[in-house]
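Participant: My questions all concern the structure below.
The values are calculated or read from the model by the stated rules, or taken from the named source; none is laboratory data. Keep in mind it's a predicted model, so treat the numbers as computed, not measured. For neighbour counting, all protein chains shown are included, and Cβ atoms are generated from backbone atoms with ideal geometry for every residue, glycine included. Just the protein is used for accessible areas: all its heavy atoms, side chains included, with ligands, DNA and RNA removed. Shrake-Rupley method; radii C 1.70, N 1.55, O 1.52, S 1.80 Å.
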Amino acid sequence: PDIKIDLDLSQYPGLSIGDNAFSNCSNIKSVVFSENLSSIGKSAFADCTGLEKITISKKLTSLADSAFEACSSLTSVHYKGTLDDWCKTKWGTGSSSYFSASKIVFPVGYDLYINDEKQTEVTIPDTVTEIRAYLFANCTSLTKVIISDTVTRIQEGAFKNCTNLAAIIIPDSVLQIYSDSYANTDSFKGCNNLS
């Protein structure tokens, strides 16, 4: 039980990881997923309480909102792709483009790394037209966000629980901000220094 495993699936030829595949494997410390992996199923890594770090790529387009449920140590998410790729990803499953706030994909505060660069002050690319629901939820590495003037909508929970986010610049182009996606609402719960 004291042995910690670094799980390397980078050579895994499959395109998906099934439901409950590694659930309750508390000895897994980190996982590197194949760059060809496109989906991770429900509860695939649920209750992997020792899991601290995952590395995923831009080809991952289907990630069940319960895939990492109760992974209480998951504090480092490494993404192989661009910020533009990240912003255009729809996390979670179901008929809706967003999911229950109680099932945020990355369930605890985490640092986001894009191509090994820690994301702190982020400028949303001008190829992005909306900030998707819960896109940066629980991302504690963010301190400042500048939203480009191509963005017209900020969906619910986009920055929920970003506890170190102290400044966000929203241009006039944003015509719709969901009721829980801005200061003094659940979306910014814990963002006490927001300006």
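Participant: Taking residue 144 as the anchor, which aspartates and glutamates have their alpha carbon closer than 20 Å to its alpha carbon, excluding any fewer than eight residues away along the same chain?
Facilitator: 84, 85, 111, 116, 117, 121, 126, 130, 156, 172, 180, 186
Participant: For a Förster distance of 22 Å, can you work out the FRET efficiency between the beta-carbons of residue 84 and residue 49, rounded to the nearest 0.05?
Facilitator: 0.10
Participant: Whole number in Å², please: accessible area per residue of the range 1-96, 1.4 Å probe, ligands, DNA and RNA not counted.
Facilitator: Using a 1.4 Å probe on heavy atoms only, each residue of the range 1-96 averages 48 Å².
Participant: On a straight-distance basis, which lysines could pair with residue 59 in a cross-link, Cα separation under 21 angstrom, same-chain partners fewer than 8 positions away excluded?
Facilitator: Partners within reach: 42, 80, 88, 90, 118.
Participant: Return the Cα extents of the range 1-135 along principal axes one, two and three, sorted largest first, each rounded to a whole Å.
Facilitator: 47, 32, 30
Participant: Something else: Amide H of residue 166 versus every other amide H placed in the peptide plane: which residues, excluding those fewer than 5 positions away on the same chain, fall under 5 Å?
Facilitator: 144
Participant: While we're looking at this one, here's another question. With every protein chain in place, what's the accessible area of residue 59 (1.4 Å probe, Å², nearest 10)?
Facilitator: 110 Å²
Participant: Just the projected area, averaged over all directions, of the convex hull on the alpha carbon atoms of the range 17-59: how many nm²?
Facilitator: Projected area, direction-averaged: 2.7 nm².
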